[in-house]
Amino acid sequence: MSGTHTSPSSHVFPRHTHATLPHAVAGDGCYIADRAGKRYFDGSGGAAVSCLGHSDPVVIDAIQTQAAQLAYAHTSFFTSDPAEELADLLIEHAPAGLDRVYFVSGGSEAMEAALKLARQYFTEIGEPQRRHVIARRQSYHGNTLGVLAVGGNMWRRQQFAPLLMNTTHISPCYEYRGRESDESAFDYGQRVANELEEEILRLGPDSVMAFVAEPVVGATAGAVPPVEGYFKRVREICDRYGVLLILDEVMCGMGRTGTLFACEHDGISPDITAVAKGLGAGYQPIGAMLCSRQIYAAIEGGSGFFQHGHTYLGHPVATAASLAVLRRLTVDRVLDRVTPMGDRLQAALMDRFGDHPHIGDIRGRGLFRGLELVADRDSKAPFDPALTLPKRIKAAAFDAGLLCYPMGGTIDGATGAHVLLAPPFIISDDQIGEVVDKLDIALSKTLP
C-alpha cells in the first residue's frame, strides 16, 4: 500500500498488528487522500458509513456551531435541542408505529440497547419467561458480547463462544444459494420464513422474546436482499406468537437501499430497529434505537426507568451533526439520488462483470451492491479459502485507488467470498465508471 505508514513506535492498537497503513490526511467529496498525496475513491463509504462524502459543508458547519454553543450535557440532567429535533425528524420518517428514539454512539450499542429493551419490556408486562432470541445464520449485529451472541457468523463468534449467551439461528433468505431449481422466489421466501415458526414452537412460544434480522444482509454475505413476501411472512409469525421483531438497519438503513428505512421496501414495520453508520455519515459517532409506542408505554406505565445507559447518550454535537445529515438526505433530497444511481451502478457492474467466469451473482438495493465470487459459475462452487482472495482483492483495489469491502466466509462463515460496494450518495456517473474500472483492475490481478 502506498503512502506514509504507521510507525513501528506507534502506540495505537490497530485492527491488525501486522498491517502497515498510510495516514489519511484529507477528505474531499467521494475521495480520501493520504499523506503522500494519493487519492482513493471511497467505494465502500468506509463500512457503508460516508453517505454524504467527506467534506459536506452543511454538516461541518452544524458541528462547529453546536460545539461552540454546547458540546456535552449528560442526559441524567438535561435533554438538548439537537437531540429533540433529530428524534422528531426520525419519527416523522420512520415506519408506522415507531415512536421513541434512544441515541447512542454506534451500531453495536444500538443493537445492544434493542436486546435489553426487548427483555425489559417483557418483564414490565409480566412475561419474564420470554428470554430466547432467534436470529439467522450468516448475520452480523455488532461486536459487543450481547449482539455478538445474536449474530450468526461463526468466524466472529468462535473464540468468544464461552462468553456468549445461548441464541438459535435459522436459515437466511439467501436466494442465490438457497432457492431450489423448481421453486419460485416467493415460495422459497415463505419456506425459509416458516423456519421461524418452527423454531418458536420448538423453543416454546411463550419463551421467545425476539427475532432479529437485517433487512438487507451486509458485511457477512454482501448486500443480500430478501425475496418478495419474506418479511411480511416473518411479521405475521412474530405477531401470531407475540414475538418482537427487531430489525438491524445499522448498515442498510438511512437511505443506503434507496429508502430512509430499508424495511420500507418490504412493507412492514418492526417493533424495534437500530440505525447508525449513515445516520451520522461518519462526521460524528452516533447510533439510535427506535421502538414502538407500545413498548415505550410499557416502560412508562411500569417502572418508568429503562435500566440501561451510556455516558454519551444524546450527545449534543453528535445529534447536531446527524440532524444536519438527515436534513441533507430528506429536505435537500440527496436521498432521491440513491435509487437511480444504484440502478446505474448495477447496470455498469452487470455490463462489465455479468459474464465474468468467477462472478456468480451481482445483487443489492440502491447504492448497496455485492458481487459474489465463485470458482465455477455453473456449480456455484466457492474458491478455496486458502487463496485469501478477499485480502488480496482489497489490497489490489487499494493500490488502484479504490476502497472496497471484500469479505470471506460468505456462505457459512468459512467458505465463499464477496466484494461489497457502498459508495457515497453523491457519486456521479463518471465516478461509477471509475469504481468499475478500478475494481476490474483489482479482480484481474487477483482472480485465477
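Where a number appears in this text, it was derived from the coordinates with a stated rule and is not lab data. Being a predicted model, the structure only gives us computed values, none of them experimental. Note: ideal-geometry Cβ built from the backbone for every residue, glycine included; neighbour counts use all protein chains shown.
Listed values, structure above:
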{"item": "Spin-label zone in segment 94-137 - amide nitrogen under 12 Å from a point set 7 Å from the Cα of residue 206 along the C-beta vector", "result": "127-130"}
{"item": "Sorted peptide list for 157-166, 253-262, criterion being average Cβ within 10 angstrom, highest first", "result": "253-262, 157-166"}
{"item": "Karplus (6.51, -1.76, 1.60) ³J(HN,Hα), θ = phi - 60°, over segment 176-183, in Hz, Gly and Pro reported as x", "result": "4, 9, x, 6, 6, 5, 9, 10"}
{"item": "Förster-model FRET efficiency, 30 Å R0, residue 116 and residue 190, C-beta, rounded to 0.05", "result": "0.40"}
{"item": "Using θ = phi - 60° and Karplus 6.51 cos²θ - 1.76 cosθ + 1.60, couplings along segment 102-109 (whole Hz; Gly, Pro as x)", "result": "10, 8, 10, 10, x, x, 4, 5"}
{"item": "Inter-site label distance for residue 239 and residue 331 at 7 Å from Cα along Cβ, in nm", "result": "3.6 nm"}
{"item": "Distant-in-sequence amide H partners of residue 361 (H built 1.01 Å from N, under 5 Å)", "result": "372"}
{"item": "Relative contact order %, the chain, counting alpha carbon pairs below 8 Å whose residues are six or more apart", "result": "22 percent"}
{"item": "Listed residue (71, 22, 114) projecting farthest to the positive dipole end of segment 1-117, Cβ model", "result": "22"}
{"item": "Those aspartates and glutamates that a straight Cα-Cα span of less than 12 Å connects to residue 232, excepting residues fewer than 8 apart in one chain", "result": "264, 266"}
{"item": "Net charge of neighbours whose Cβ lies under 10 Å from the Cβ of residue 262, counting Lys and Arg as +1 and Asp and Glu as -1", "result": "-3"}
{"item": "Proximal lysines to residue 380, defined as alpha-carbon separation beneath 27 angstrom and excluding residues fewer than eight positions away on the same chain", "result": "391, 394, 438, 445"}
{"item": "Selected from 42, 429, 88 as most flexible by GNM, with the chain as the system and alpha-carbon contacts under 10 Å", "result": "429"}
{"item": "Candidates 108, 44, 292, ranked by Gaussian network fluctuation over the chain, Cα under 10 Å, top entry", "result": "292"}
{"item": "Nearest-0.05 FRET efficiency for residue 145 and residue 10, computed from C-beta distance (R0 22 Å)", "result": "0.20"}
{"item": "GNM result for the chain, Cα springs below 10 Å: residue of 110, 375, 297 fluctuating most strongly", "result": "297"}
{"item": "Amide hydrogen neighbours beyond the local backbone of residue 100, cut-off 5 Å, H modeled", "result": "291"}
{"item": "About the Cα centre, charge dipole magnitude for the chain (Lys/Arg +1, Asp/Glu -1 at Cβ), debye", "result": "1100 debye"}
{"item": "In segment 26-87, chymotrypsin sites (Phe, Trp or Tyr not before Pro) in a DSSP loop with at most 12 other beta-carbon atoms within 10 Å", "result": "77, 78"}
{"item": "From the C-alpha gyration tensor of segment 258-376, square roots of 5λ in Å", "result": "36, 18, 14"}
{"item": "In order through segment 352-359: 3J(HN,Hα) via Karplus (6.51 cos²θ - 1.76 cosθ + 1.60), integer Hz, x for Gly, Pro", "result": "7, 10, x, 10, 5, x, 10, 10"}
{"item": "Built amide H within the under 5 Å cut-off of residue 139, gap 5+", "result": "152, 153"}
{"item": "For the chain, calculated [θ]222 nm from helices alone, where every DSSP H run of n ≥ 4 adds -39500 (n - 2.57)", "result": "-11000 deg cm²/dmol"}
{"item": "Cα centroid separation, segment 373-448 to segment 318-343 (Å)", "result": "27 Å"}
{"item": "Eligible aspartates and glutamates near residue 277 by straight Cα distance, threshold 17 Å, same-chain separation 8 or greater", "result": "42, 56, 109, 112, 214, 248, 249"}
